[in-house]
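Colleague: Sharing a structure here in structure tokens format.
Rule-based calculations on the coordinates, nothing more; no lab input. Not measured: the values here are computed from a predicted model. Note that we place each Cβ from the backbone using ideal geometry, even for glycine, and neighbour counts take in every protein chain shown.
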Amino acid sequence: MKRASEASPRWLLGAALIAALLTLSGCDRTKPEAKFQTTDVTGVTWGHDFHLVDPTGAPRMLADYRDKVVMLFFGYTHCPDMCPTTLAKMAQAVDRLGDDGQQVQGLFVTVDPARDTRTVLAQYVPAFHPSFVGLSADEATTAATAKDFKVFYAAQKPDDHGFYTVDHNAGIFAFDTQGRLRLFMSAETQIDAMVHVLKVRLRAKSNAALS
């Protein structure tokens with residue numbers, strides 16, 4: 001079984017390749033029949049906060065990103081498709097906002113803490129966007145956090161080389177600048193829809209500041 005430090009260059013190459021392909025092909029337009037999928041979850045009694053650590057080992061909670069619109073995504077770095085594709089779309093959505101993108105924070109929470117060490121996350125997540133942060137915790141805290149956000153995940157049986165995949169449901173949780181969970185976006189949500197959601201939330205912040 002490869003150590004994380006040996007495997008990470010391949011992950012970084014994959015991340016860069018997916019991001020490049022999305023940029024060149026306009027991934028959100030390759031399936032015009034796909035509908036924008038966002039669900040208003042304002043007022044739900046779950047998903048209010050998290051207590052994790054960033055790649056430097058600093059404890060992080062939702063309040064640390066107050067005054068920014070937050071996009072929170074659960075996944076793992078060995079994911080072959082959905083996770084890197086979703087992160088790449090999140091990154092493009094932020095870039096399309098121009099300077100306003102600085103008011104958006106992308107967060108990636110690993111559901112595979114055994115392999116996704118802080119060192120691995122420090123390399124993998126910023127490969128999609130330099131402002132994005134990878135968050136992790138021990139197994140118990142990871143399970144409790146995922147449960148609070150209604151995220152299911154289950155590691156599969158390792159193969160003969162020790163490699164395994166992790167089944168998990170995928171989606172992006174969007175918080176407003178006051179740290180309130182507002183929207184859930186499926187992993188199939190198109191980039192244009194993400195941009196629209198972010199603009200709406202940033203516009204709400206601007207209106208609140210003027211009132």
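Colleague: Give me the extension gain from Asp138 to Arg96: residue separation times 0.36 nm, minus the current Cα-Cα distance, reported in nm with one decimal.
Modeller: Once the chain is fully extended between Asp138 and Arg96, it gains 11.6 nm.
Colleague: Quick check on the stretch 59-157: take the gyration tensor over C-alpha atoms, sort the square-rooted eigenvalues as a ≥ b ≥ c, and tell me if it's rounded (a/c under 1.5), prolate or oblate.
Modeller: Prolate, since a/c reaches 1.5 and a/b exceeds b/c.
Colleague: Tabulate in residue order the Karplus-calculated ³J(HN,Hα) for the stretch 103-118, using 6.51 cos²θ - 1.76 cosθ + 1.60 with θ = phi - 60°, rounded to whole Hz; enter x for Gly and Pro.
Modeller: 9, 10, 10, x, 10, 10, 9, 7, 9, 9, x, 4, 9, 8, 6, 4
Colleague: Still on this model: Sort Arg182, Arg60, Arg66 so that the residue with the fewest other Cβ atoms within 10 Å of its own Cβ comes first and the one with the most comes last.
Modeller: Neighbour counts put them in this order, fewest first: Arg66, Arg60, Arg182.
Colleague: Here's a follow-up. Return the loop-located chymotrypsin sites (Phe, Trp or Tyr not before Pro) in the stretch 93-197 (DSSP other than H, G, I, E, B) with at most 12 other Cβ atoms within 10 Å of their own Cβ; answer none if there are none.
Modeller: Phe152
Colleague: Could you list, in their original order, any pairs among Lys89/Lys150; Lys89/Lys199; Lys150/Lys205; Lys89/Lys205 whose Cα atoms are separated by more than 25 Å?
Modeller: Beyond 25 Å between Cα atoms: Lys150/Lys205.
Colleague: When the dipole is taken about the Cα centre of the stretch 50-98, and only Lys, Arg (+1) and Asp, Glu (-1) are charged at their Cβ, what size is it in debye, to the nearest 20?
Modeller: Its charge dipole is roughly 100 debye.
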